Each structure stands twice: as C-alpha cells, then as structure tokens.
Amino acid sequence: MIPEPFEYHVPKTLEEAAQLIAQYGEEGKVLAGGHSLVPMMKLRLASPRHLVDIARLDGLRYITEKDGRIEIGALTTHYRIESSSLLKEKCPLLPLTAREIGDVQVRNKGTLGGSLAHADPAADWPAAAVALGAELKAVSTNGERWIPASEFFVDLMMTSLAPGEIVTAIRFPLLPACSGDAYAKHHHPASGFAVVGVAARLTLDEKGHVKSARVGITGIAAAAYRAVEVEKAITGKTPKNLQQAASHAADGIEANGDLYASAEYRVHLAAVYAEKALTAAAKSAKQH
Ligand code: FAD
C-alpha cells in the first residue's frame, strides 16, 4: 500500500520541530520511530501533508536518574529501556514492560514517547504509565508543561496533548524499598499487541502487609486506566489469595469487544492477568 504524497521535514533542533508542527497545524505530524504512523499512512488511515521527523534529535534519547525520579527522553527506544541496568534496578516495571512489546525490530525502532502519544488501546506502555503515575513533558512554541498520565489518555487514540505539542520526556517514580513490580500480558496471537496487559507495583510494610498498590490496565477499554478497586481491595492486607482483589480489575469499565475477544472475555482476562501481575509483584517485593 502506498501512502498519500507528503512533504518530509528534518528539523535540526527541538525549537525548529516545534515551529514546523505549529506552522502546519492539522496537516502536520511528528514522526518518531514510525512503527505506528507509517503503517497507518500506508493503510491511508492517516494522511498528513507534512511529516516532521524528530528521530535525529539525539538530545531526546536518554535515561537518567534526576531529582529522585527516573527521566526518559521521548525518543528512547523500547529496546534501550528493556536493556537498561539503571532501570532494572531503580524502576523494573519499565524493562519488564518493554520486553513484551512486539519483536526485536519493533523494539529497536519504536519509541516510548511515540507509543504514549499514539495512545493505542492495545499498547503496553500506557499500563505502566498510569500505574506508576508517570508525567509527560509536552513542549510547543508556547512553552512547556508536565501532564500526569492520569490526564493524558483521554479516549481511543486520543490524548490531552494540545495541537502543536511534542512529548519530549517522561518521568517515573523510583521503586521504593520493600516493593516489587510486575507486568502480565495476554498477547494477541496474530498482532502480539495486548489483549490485556496489567502493570503492578506493590509496596509492603514491615509486617508484610500491602502498604500501597498501583495497578494499571491496558487492552480492555478505549484508554488505559488505574484499577483503583483492585488497589483498595488489597491495601492493608497480606498479599495472599489475590484472586478476590483481582476480580475487581474491570469494575466500572466499559470493555471493548472484537472478533478475537468479546467484552465479556476481556473482563475475565483482566481479572486473570491482574492476579498474575499482583502475585509476581508480591513475590518480587518480598525479595527486596
Ligand atoms: P510513530 O509511529 O513515529 O508515531 C506514532 C504517533 O505518535 C504519530 O501520530 C506521531 O505523530 C505521534 N508521535 C510520535 N512521537 C511523538 C512525540 N514525541 N510527541 C508527540 N507526538 C508524537 N506496541 C505495543 O505497545 N505493543 C506491541 O506488542 C506492539 N507490537 C507491534 C508490532 C508491530 C509489527 C509493529 C509495527 C508495531 C508494534 N507496536 C507495539 C507499536 C510500536 O511500539 C510503535 O513503535 C509505537 O506504538 C509508536 O512509537 P513510534 O516511535 O514508532 O511512533
């Protein structure tokens, strides 16, 4: 399939990229790893007249610990996150999530910022972002702001980015003491995307009770969400018999259905994979 004709722009600086995106408005699109946008253009589901390729802005490719948090540049690839020793130690949910994305080619080209901005309902990163309460830095010709993940994913492939805004960085809280992270995913057998993906972080107190729980779920609904009823059901308890808490995974959520998985089946999978993620996070927390 051949995309509609477009003009291709390669800005040398972030400022230039922001100016181009502001100039072209609805006719312009940022290109990062191209692993979602290019297939959509080939299928003519997207037909931007101007592509602003930010992939050569190397300043947006980094992983660092800053002000007691992890900060990751938007152009950092899934593979770089998967293989980061800093993240394996300080924020393991991120490498655990990255390794479940696509195949090795996809992980070497696709970017964290691109995946979050694309907001595919079956993408993996949104689960980790909402579970951890990540924040996304958005830059435009009007300045910059940090957007909490809880306000970022609005609807199916829709975010709260304003026209002209480019995601430049994402920050995440460090793994606290006595805590464990886990990501459990049911892969779609054809596409490999998440039919359901559950990201969990559990922190235990000195008695081994759950002091705090953070659970984010993707694949079930139009946008990723925090499973607050699961979090409430497990907080203050010993992390045993997690099936009951996990059964709340889709409470109050309007589940999607398609040819592969009906809404009812997705709700069932949400509970099954929430239990898997909570069990693995509890096991990991006991080891820390
Ligand atoms: P692009 O394709 O370049 O852009 C995607 C969208 O985001 C575009 O609208 C673009 O304008 C916008 N955008 C990009 N960067 C920015 C930015 N910094 N600021 C603002 N807007 C921006 N994903 C999964 O989560 N799980 C999977 O299992 C999975 N499997 C895949 C399998 C295949 C075969 C393929 C081709 C893709 C798969 N993906 C999967 C998607 C992959 O992770 C993409 O790389 C990712 O969704 C988009 O990142 P990108 O950098 O390629 O963005």
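Entry remark, segment 187-202: residues being outside any loop (DSSP other than H, G, I, E, B) and away from the ligand (no atom under 11 Å from the Cβ) number 6 in total. Of the candidates LEU87, LEU94, LEU75, the single residue that is within 12 Å of the ligand (Cβ to nearest atom) and modelled with pLDDT of 95 or more is LEU75.
Close Cβ contacts (under 7 Å, 6 or more residues apart or on different chains) running from residues in segment 234-256 that are surrounded by 13 or more Cβ atoms within 10 Å (Cβ to Cβ) to residues that are aromatic (Phe, Trp, Tyr) comprise ILE253/TYR225.
Checking every residue in segment 111-125 against the condition of being within 13 Å of the ligand (Cβ to nearest atom) and among the polar types (S, T, N, Q) gives at least one match. Are any residues in segment 276-288 of a type outside the set (Lys, Arg), over 23 Å from the mean Cα position of the chain (by Cα) and in a helix (DSSP H, G or I), and if so, which ones? Of everything in segment 276-288, just one residue is of a type outside the set (Lys, Arg), over 23 Å from the mean Cα position of the chain (by Cα) and in a helix (DSSP H, G or I), namely GLN287. Residues in segment 35-48 that are within 13 Å of the ligand (Cβ to nearest atom), surrounded by fewer than 17 Cβ atoms within 10 Å (Cβ to Cβ) and in contact (Cβ under 8 Å) with a residue 40 or more places away in the chain: LYS42, LEU43, SER47.
Report yes if ALA184 is within 13 Å of the ligand (Cβ to nearest atom), within 14 Å of the chain's Cα centre (by Cα), closer than 23 Å to ILE81 by Cα and in a strand (DSSP E or B), otherwise no. When the stated conditions are applied, ALA184 does not pass them. Checking segment 185-206 against the condition returns no match, with no residue being of a type in the set (Asp, Glu), surrounded by 24 or more Cβ atoms within 10 Å (Cβ to Cβ) and in contact (Cβ under 8 Å) with a residue 24 or more places away in the chain. Within segment 236-275, the set of residues being within 15 Å of ARG214 (Cα to Cα) and not in a helix (DSSP H, G or I) comprises GLY236, LYS237, PRO239, HIS248, ALA249, ALA250.
Restricting the first member to segment 53-69 and to residues that are over 16 Å from ILE81 (Cα atoms), and the second to residues that are at pLDDT 95 or above and not in a loop (DSSP other than H, G, I, E, B), the beta-carbon pairs closer than 6 Å and six or more apart or on different chains are ASP53/LEU31; ILE54/ALA17; ILE54/VAL30; LEU57/LEU14.
Looking at ALA134, ALA98, ALA117, just one residue is without any contact (Cβ under 8 Å) to a residue 60 or more places away in the chain and either within 30 Å of GLY25 (Cβ to Cβ) or in contact with a Gly (Cβ under 7 Å, 6 or more places away or on another chain) (or both), and that residue is ALA134. When segment 126-170 is filtered for residues that are within 13 Å of the ligand (Cβ to nearest atom), of a type in the set (A, V, I, L, M, F, W, C) and not in a strand (DSSP E or B), the ones remaining, listed by number, are ALA127, ALA128, ALA129, PHE152, MET157, LEU161, ALA162.
The values are calculated or read from the model by the stated rules, or taken from the named source; none is laboratory data. This one's a predicted model, so the numbers in the text were calculated from it and none came from an experiment. Reconstructed Cβ throughout: ideal geometry from the backbone, glycine too, with neighbour counts over all protein chains shown.
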